[in-house]
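K.L.:
Got a structure for you, questions after.
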Amino acid sequence: MEPKIKKYQLMLQTKINRQIEEWKNSKTVIQNKDLYQFVHTITGTAGTISLHEVSMEGAALMNQLNKEEDKNWEPIDVMIFLRPLTALLTDEKLLISNSVPSQKSPQTVDDNEDQPLILVVDPDISYLIDLKEELEKLGWSVFISQTADKAISMVYDLQPDCIVIDHTLHEKEVYSFLKQIRESISHQLIPVIVMSTTNNKLARLQAYELGADDFMEKTVENDEFLVRIKRQLARRKLLKESLMKDELTKVFNRKFLNDIYMRMSAEHERKKISFTLAILDLDHFKKINDSYGHSAGDQVLVDFAVFLRAQLRRQDVIIRYGGEEFIVLMPYTSSLEAEQTVSRLLEQVKVYPFSYDNYSFSITFSAGISEISNTTLLSNAINVADRALYAAKENGRARVETAQGQIEKKRKLKVAVIDDSDVIRKMLESFFKEFEVEKYELEVQTYQDGVTFFEDTWHKTHDEFLIILDGVLPKMDGIEILQKIRQYPDRSRYTILMLTARKAEADIVRALNLGADDYLTKPFSIRELEARIKVLVQRVK
């Protein structure tokens, strides 16, 4: 990694020298906003490529520029103002200064993909930002919300391992949140911790009565706070691992999948007979949640499981694989026989009466089928069936595809990096070329501003998109870009990670309220970015 970092450091140095030389020879004044944009780019970029002293100096200069918003600068004054930065950049000792770690980079991150995901709900953005940063040092993924309403939707999308909610939200809002969590998604066994500025007995009793798992004062010291969260996480993990049935649909869960698959494989290997694995994925399931609410979506999953149990044989095994995906294992069944069975299910489900509250609607599913020989690993069997499922979706959905003759093809995820720093763009482009995401083929494009992004037809397709968006950009601000994307009719196809200056609270609040899925403060580490993107990709449907 060190040679690459040095290359990016030299790129930044060259860019800075070129811009300073241009301003030095300029005969016109330089606007404060242009100078701020330049220093902002340097600050975020330098910290990300291990030039931490340059980044800290840049942050100090930005604070000065914020106090002189209307000032116009003569070229000579700009040279004097930037002298602390240029002095640092001529110091060769600073290059590859990896011995000075970023103050915000997680120190204990490991490669375990089972790291917990925490959702924190609190109206105080300063508290949210500080707590998010503290918990992410442990390698945990942390998402935040200022309102309980938005948090409910995030619970369904993210399926967090723990929820921390502040009691100083409107009292009715907190109790309504707790009530909905316990009534609608108690099957997910998500622990809820209520935080409060006081230790009021009545508040504690009400929280516990509505299903809170713990109640803490905000003044609790960090070490105790972390121990109590870890205790809740450990308890949830133990409960989940001990249960073999999905609590919502009452069919088997994926913990049971490996065990039953191994037993079925051994039995069929002895008899030299194949069996079949099918993956069924409900079509446009998100529209049901958006149109009728998440409770309606849960009821559809329950009814669909009932439908499958009624229509399949006793020896067929139904497993809720995740979200709206179900796996069906069919013993003593060829792929042709399985295709006929699943096609029959598809025709029957089209006329099956689904209802919730006073609404009635119909659903369809797409399916992929894989015939299992006696030597097929479970992971391989799922991958083969998943490729067939992908083909079914690509060919119009509401159809069944078998894996025979299927070309191995992953879903396309288009990644757009919109950042005015050519160093950041090059670095992220290089990162994504080496970054592998299960089930997805990444296609990456970079843009120096929002205008060039919107002019390009590359993003006007029906693919899924991950947008890495800098908050401060020339021509069109990052917030303006976010607003424009979220006005698209198909805005749900865009998952957006905002890049922002450290502790820029107003920008973070606006970004989250306007629909950013997460934010990352500059400077950041590549390892931190990788962990964040893995979580965000899980939300892409």
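The values are calculated or read from the model by the stated rules, or taken from the named source; none is laboratory data. Everything numeric here is computed off the predicted structure, so don't read it as measured data. Note that we place each Cβ from the backbone using ideal geometry, even for glycine, and neighbour counts take in every protein chain shown.
K.L.:
What tally of residues in region 239-277 results from selecting those that are of a type in the set (Lys, Arg) and in contact (Cβ under 8 Å) with a residue 12 or more places away in the chain?
P.N.:
5
K.L.:
Just one of Leu205, Leu178 is assigned by TED's automatic domain parsing to the domain that holds Leu128, in contact with a Leu (Cβ under 6 Å, 6 or more places away or on another chain) and in a helix (DSSP H, G or I); which is it?
P.N.:
Leu178
K.L.:
Suppose we filter Lys245, Lys237 for residues that are under 15 Å from Ile163 (Cα atoms) and either of a type outside the set (Asp, Glu) or touching a Leu at 6+ places or on another chain (Cβ under 8 Å) (or both); which single one remains?
P.N.:
Within the list Lys245, Lys237, the selection yields Lys237.
K.L.:
Among the residues of region 1-33, write down those that are in contact (Cβ under 8 Å) with a residue 40 or more places away in the chain, surrounded by fewer than 16 Cβ atoms within 10 Å (Cβ to Cβ) and within 28 Å of Asp507 (Cα to Cα).
P.N.:
Selection gives Gln31 alone.
K.L.:
What is the one condition in (1) touching an Asp or Glu at 6+ places or on another chain (Cβ under 8 Å); (2) touching a residue at least 60 places away in the same chain (Cβ under 8 Å); (3) surrounded by fewer than 22 Cβ atoms within 10 Å (Cβ to Cβ) that Lys414 does not satisfy?
P.N.:
(2)
K.L.:
Out of the residues in region 492-531 that are in contact with a strand residue (DSSP E or B) (Cβ under 6 Å, 6 or more places away or on another chain), part of a helix (DSSP H, G or I) and at pLDDT 80 or above, state the one that is surrounded by the fewest Cβ atoms within 10 Å (Cβ to Cβ).
P.N.:
Ranking the qualifying residues of region 492-531, first place goes to Arg493.
K.L.:
Taking strands (runs of 3 or more DSSP E) that do not extend beyond region 350-468, which have at least 1 residues that are modelled with pLDDT of 90 or more, in contact with a Pro (Cβ under 8 Å, 6 or more places away or on another chain) and among the aromatic types (Phe, Trp, Tyr)?
P.N.:
So the answer is none; nothing clears 1.
Conditions tested, residue by residue: (1) polar (S, T, N, Q); (2) assigned by TED's automatic domain parsing to the domain that holds Ile382; (3) within 30 Å of Val302 (Cβ to Cβ); (4) crowded, with 18+ Cβ neighbours inside 10 Å.
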site: Glu209; (1), (2), (3), (4): no, no, yes, no
site: Phe215; (1), (2), (3), (4): no, no, no, yes
site: Thr219; (1), (2), (3), (4): yes, no, no, no
site: Asp223; (1), (2), (3), (4): no, no, no, no
site: Leu226; (1), (2), (3), (4): no, no, no, no
site: Leu238; (1), (2), (3), (4): no, no, yes, no
site: Met262; (1), (2), (3), (4): no, yes, yes, no
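K.L.:
A further question follows. Please find, within region 418-476, the residue that is farthest from the chain's Cα centre (by Cα) out of those that are basic (Lys, Arg) and closer than 30 Å to Arg387 by Cβ.
P.N.:
The qualifying residue farthest from the chain's Cα centre (by Cα) is Lys460.
K.L.:
Failed condition for Leu94, given (1) buried (at least 17 other Cβ atoms within 10 Å of the Cβ); (2) at pLDDT 80 or above, with all others met?
P.N.:
For Leu94, the exception is condition (2).
K.L.:
Taking the options Val306, Val317, name whichever one is crowded, with 16+ Cβ neighbours inside 10 Å and not acidic (Asp, Glu).
P.N.:
Details: Val306 fails: crowded, with 16+ Cβ neighbours inside 10 Å.
Just one listed residue meets the conditions, Val317.
K.L.:
For residues that are outside any helix (DSSP H, G or I) and farther than 19 Å from Leu61 by Cα, scanning just region 1-36, find the one that is farthest from the chain's Cα centre (by Cα).
P.N.:
Top of the filtered list is Lys27.
K.L.:
Among all residue pairs at least 6 apart or on different chains, which show Cβ distances below 6 Å where the first residue, located in region 60-72, is in the same structural domain as Leu85 (by TED's automatic domain parsing) and the second is outside any loop (DSSP other than H, G, I, E, B) and among the aliphatic types (A, V, I, L, M)?
P.N.:
Pairs that qualify, where the first residue is in the same structural domain as Leu85 (by TED's automatic domain parsing) and the partner is outside any loop (DSSP other than H, G, I, E, B) and among the aliphatic types (A, V, I, L, M), are Leu61/Val39; Met62/Val39.
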